[in-house]
Every structure is written in C-alpha cells, then in structure tokens.
Amino acid sequence: MSNISDKLLKVFHNRFSYSIKQSDIDYIMAYNGYSVIYQGDNSFRRDVSLVSLFSELDKCLFVQVNRKFVINIKKITHYEGDRIYINDIDFKISKNYRRAFDEFYLAHI
C-alpha cells in the first residue's frame, strides 16, 4: 500500500517531463484549458483541464476551492472566513465550493 507522499504526478517544464510527489504540490491553477502546478518556487504545466487533473489527484490531499484553484490541504498556513492562505498567497473560497471545503477541512485537519 502506497503512502500519500509516494504518489507521483507527471508534469512538464520547458518541454521536459518530470515526476513530482503529489504531497509536494502547493496548489494548481486552471489557465486557458491547461493546468499550472505550483511547487515552492517552481511551476509546471499539464495540457489537461483542471477537472481532468483533479481526477488524478489524491482526494485525501487536494480540494477545489473555486473554478480556478485546487489546493493541497496540508500546505494551508492560515484559514480565515472565505480566505485560505498558503504562505503569502491568498485564495478565495467561492460560495459554490464553501460547504464542501469546510467539510473536507474539518475531516482532514
């Protein structure tokens, strides 16, 4: 049985392929039909929609907070009202995702 941190995701940067641990991903952003994966100071790309990429991710680790962002629940540094922070980056939880996020957050923190 594999550990959450052992699950890899295939990503691309400057046309080179990499495999990164899902647990190392901070957040993922939808952008014009593809997805940008952020890991620390690095960003990677996948030519798939956010919905498609989200289906590949570990559901115990990632939650969608609005149409544009999926975040790694373990990377949250602060949560207040309808705002989530990963370090100094601010994410707004939309009304459509709020209830699901609250339930997910309480179950995993």
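The residues in segment 6-59 that are in a helix (DSSP H, G or I) and surrounded by 13 or more Cβ atoms within 10 Å (Cβ to Cβ) can be counted, and the count is 6.
Against the definition (over 17 Å from residue 104 (Cβ atoms), modelled with pLDDT of 95 or more, touching a strand residue (DSSP E or B) at 6+ places or on another chain (Cβ under 7 Å) and not small (Gly, Ala, Ser)), how does residue 63 come out, yes or no? Criteria not met by residue 63.
Quick one: in segment 88-103, of everything that is closer than 17 Å to residue 26 by Cβ and in contact (Cβ under 8 Å) with a residue 12 or more places away in the chain, which residue is surrounded by the most Cβ atoms within 10 Å (Cβ to Cβ)? Looking at the filtered set, the residue picked out is 93. Restricting the first member to segment 46-62 and to residues that are closer than 16 Å to residue 29 by Cβ and in contact (Cβ under 8 Å) with a residue 12 or more places away in the chain, and the second to residues that are in a loop (DSSP other than H, G, I, E, B) and of a type outside the set (A, V, I, L, M), the beta-carbon pairs closer than 7 Å and six or more apart or on different chains are 49/33.
Yes/no matrix, rows are residues, columns are (1) closer than 23 Å to residue 21 by Cβ; (2) among the hydrophobic types (A, V, I, L, M, F, W, C):
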| site | (1), (2) |
| --- | --- |
| 70 | yes, yes |
| 73 | yes, yes |
| 76 | yes, yes |
| 84 | yes, yes |
| 87 | yes, no |
| 96 | no, no |
| 103 | no, no |
| 108 | yes, no |
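The values are calculated or read from the model by the stated rules, or taken from the named source; none is laboratory data. Since the model is a prediction, treat every value here as computed from it, not as a measurement. Don't worry about glycine lacking a Cβ; one is built from the backbone with ideal geometry, like all the others, and counts go over all protein chains shown.
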